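Single-structure report; data block below.
Derivation of every value follows stated rules applied to the coordinates shown; laboratory data play no part. For clarity, every value in this text was computed on a predicted model and none was experimentally measured. Counting neighbours? That spans all protein chains shown, and the Cβs are built from the backbone with ideal geometry, glycine included.
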Amino acid sequence: MRLDYESQTREFDAVWEQRYQSPFILESWTDNDWSKGRTKYLTFLIKINDQSIKKQITVVQEKLAEYRCIDPFPLDYLHLTVKEIGLFLVEEKTAADDEITRAELGLLIDKAGKIIKQYESFEINLERLN
């Protein structure tokens, strides 16, 4: 079988040019039925504040930013998602059982803080992150 490099090059170039179009995966994750128009979905996360980690991430981001199709996140947004809570923050509850108000959120944060304090701190080594 003979490879047609010119045809493959045209196909690749056409696909490469699509990088400027918003792919499906970049559409808002709230644009589907389960969100019911709500946009404040709650998660537990660990914010990355360690400057040595941020410095290492910056090195990688600078290399990736050389590609026009990559737009790295700002350093103050960096975090590890620990657990999606499965609740939406709302001003007033409806009949949905997946909503929480700001007052209830404060109670949830307090309760989570008490639970977390029961555990000793630990170090974690994250290798080969993708």
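The N49 and I124 beta-carbon pair, evaluated with R₀ = 22 Å, returns a calculated FRET efficiency of approximately 0.90. When you restrict to C-alpha pairs under 8 Å that are six or more residues apart and normalise by the size of segment 36-117, the relative contact order lands at 34 percent.
Computed on segment 36-117, the Cα convex hull volume stands at 130 Å³ per residue.
Calculated FRET efficiency, K93 to K114, Cβ-Cβ distance, R0 = 35 Å: about 0.90 to the nearest 0.05.
Dimensions of segment 71-130 based on its C-alpha atoms, expressed as ranges along the principal axes with the largest first, amount to 44, 38, 19 Å.
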